[in-house]
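The values are calculated or read from the model by the stated rules, or taken from the named source; none is laboratory data. What you are looking at is a predicted structure, and each value in this text was computed from that prediction instead of being measured. As a convention, Cβ positions derive from the backbone with ideal geometry for all residues, glycine included, and neighbour counts pool all protein chains shown.
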Protein chains: 2
Amino acid sequence: MPDSDPRDPTRDGVETRAVIEEAAVDLFARRGYHATSMRSIAAAADIQPAAIYHWFPAKESILIQLQNDFMERLTDAVRTGMARVESPALKLAAAVREHVVYHGLHTREAFVTDSEIRALSGEPREALLASRDRYQDLFRSLISEGMDADELNTPDPAVATYAILLQCTGVALWFQPGGALDLDRIADLHIELVLGSLRAEDSLIAEAVGLTAGRSN
Amino acid sequence: MPDSDPRDPTRDGVETRAVIEEAAVDLFARRGYHATSMRSIAAAADIQPAAIYHWFPAKESILIQLQNDFMERLTDAVRTGMARVESPALKLAAAVREHVVYHGLHTREAFVTDSEIRALSGEPREALLASRDRYQDLFRSLISEGMDADELNTPDPAVATYAILLQCTGVALWFQPGGALDLDRIADLHIELVLGSLRAEDSLIAEAVGLTAGRSN
DNA sequence: CCTAGCCTAACGGTCGTTCATGAAGCTCGG
DNA sequence: CCGAGCTTCATGAACGACCGTTAGGCTAGG
């Protein structure tokens, strides 16, 4: 009677952990962290609720792992993209491209990371907020440097940073892989919007779109 | 023994309803809808949990009322602002101003309305989504008309609409009344960012900031 | 005296988590 | 080469706490 087998031979070792994470990110994104029960995660992962506690010490730690992994990989992608070009404006364009593409490729992780910070408390919360602040500073610095280099101009770099990151992060809210637009195109559009809002020259915008295109994923 | 008085003489009639709504929007915004219990709302409103059911048939209906009220008042404010000027670009600037100011004045309601749509289901959910879609169409139409009038230009009006609304809505996430910037200034900055990203002429931007300034309460 | 407004108390259900148990694979002395 | 013993991974059942909601009664103003 293989159905009563406690071990599933098609699933080995740490794979179960990945299945739990996949089920959790899907449910957290669709219904929210607090609206998702450990039992529903277990059901989606096709295991018993108690089995989750073999891989995670608590429900909150699944969320924490999800969020920290996302922030780390997002930051890596953006830093790598920035390193490929020289001037501040082009670095900003590259950062916008990587940010948009990564958010489009991982809409659920992006949404959960952004919207469920409030579900955390204590040290994990502070750590994630610090990581987010460091990430925002990447963009703020680029805008300031672009202004110093006379490539960009805006009355308030801090507010511009908020606005730019919010509109690029928002891609995770409406992008659907099957849609009419592909991610590279959406990234292009956001580079144009961002550099436009920072009063960049037309020629610089055209250069930025061309230089960074077709590089991601 | 006035402490055991079931009626609080300092609070008459429907005022209790307003106190419940205030407590609910505060907790929903800080902790999320599902993380907020009826008991915690009652405690914040200084009443017993059962008393809430004298004013609301269910927990969900508090949320629905909050969200629908917000969308209705937001739409009214934006429509009124739009009606005060003529050209599409100026109407868009006015809409941005009203949107930003209303979100800054009601950060909690804005955040709850946006982030807790997923807590709804059935007819209330569809109604709120429809109301949101109608609101977005206001902005999309203005952008299209602005392009027809050669005041604005963008490669993809639909994506631009998403991006613009997201960055303006985001004001509710970071604005704090006690901060260094007041709402009128923040609205100005967003008008400049929005019209800049839509490639408006410098003179048009200056006119838009001047024409719509200092009008909102 | 009626009823609007609020109370106390409790209902059934679900939550996150723990516990004892055991099957399957690995290791290693003989 | 084998089987005892340990580790790994999962199970089913249960715990206490808390959830949204309701039933029924008290109180005071009209």
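Taking every residue in the range B:111-128 that is closer than 17 Å to B:Ala58 by Cβ and away from chain A (no Cβ under 14 Å) and pairing it with any residue that is of a type outside the set (Phe, Trp, Tyr) and not in a helix (DSSP H, G or I), at least 6 positions away or on another chain, the pairs with Cβ-Cβ distances below 7 Å are B:Leu128/B:Leu120. Among the residues that make up the range A:68-76, is at least one of them buried (at least 23 other Cβ atoms within 10 Å of the Cβ) and under 23 Å from A:Leu211 (Cα atoms)? So far as the range A:68-76 goes, no, none of its residues is buried (at least 23 other Cβ atoms within 10 Å of the Cβ) and under 23 Å from A:Leu211 (Cα atoms).
A quick yes/no check of all residues on (1) within 9 Å of chain A (Cβ to nearest Cβ); (2) part of a helix (DSSP H, G or I):
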| site | (1), (2) |
| --- | --- |
| B:Leu138 | no, yes |
| B:Leu142 | no, yes |
| B:Met147 | no, yes |
| B:Asp150 | no, no |
| B:Asn153 | no, no |
| B:Ala160 | yes, yes |
| B:Gln167 | yes, yes |
| B:Leu173 | yes, yes |
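Among the residues of the range A:38-83 satisfying the criterion of being more than 11 Å from DNA strand D (Cβ to nearest atom) and of a type in the set (Gly, Ala, Ser), which is farthest from A:Thr113 (Cα to Cα)? In this case the residue turns out to be A:Ala83. A:His103 passes every criterion in (1) within 14 Å of another protein chain (Cβ to nearest Cβ); (2) surrounded by 18 or more Cβ atoms within 10 Å (Cβ to Cβ); (3) within 16 Å of DNA strand C (Cβ to nearest atom) apart from (3). The set of residues from the range B:178-198 being closer than 14 Å to B:Leu105 by Cβ, more than 7 Å from chain A (Cβ to nearest Cβ) and in contact (Cβ under 8 Å) with a residue 24 or more places away in the chain comprises B:Leu183, B:Asp184, B:Ala187. Taking the range A:32-79, which residues are under 19 Å from the mean Cα position of the chain (by Cα) and among the aromatic types (Phe, Trp, Tyr)? Result: A:Tyr33, A:Phe70. All of (1) away from DNA strand D (no atom under 14 Å from the Cβ); (2) modelled with pLDDT of 95 or more hold for B:Glu86 with one exception: (2).
Close Cβ contacts (under 6 Å, 6 or more residues apart or on different chains) running from residues in the range B:54-75 that are under 14 Å from B:Ala130 (Cβ atoms) to residues that are surrounded by fewer than 21 Cβ atoms within 10 Å (Cβ to Cβ) comprise B:Ile64/B:Pro124; B:Gln67/B:Leu128; B:Met71/B:Ser131; B:Thr75/B:Tyr135. Within the range A:134-155, residues that are without any contact (Cβ under 8 Å) to a residue 12 or more places away in the chain sit with their Cβ atoms under 9 Å from residues that are among the hydroxyl-bearing types (Ser, Thr, Tyr) and assigned to a helix (DSSP H, G or I), at 6+ positions apart or across chains, in these pairs: A:Asp137/A:Thr161. Is it the case that the range B:18-39 has a residue that's free of Cβ contacts under 8 Å to residues at least 24 places away in the same chain and either over 25 Å from B:Ala110 (Cβ atoms) or near DNA strand C (Cβ under 8 Å from one of its atoms) (or both)? Yes, the range B:18-39 contains at least one residue that is free of Cβ contacts under 8 Å to residues at least 24 places away in the same chain and either over 25 Å from B:Ala110 (Cβ atoms) or near DNA strand C (Cβ under 8 Å from one of its atoms) (or both).
Among the residues examined, B:Asp156 does not qualify as among the acidic types (Asp, Glu) and modelled with pLDDT under 95.
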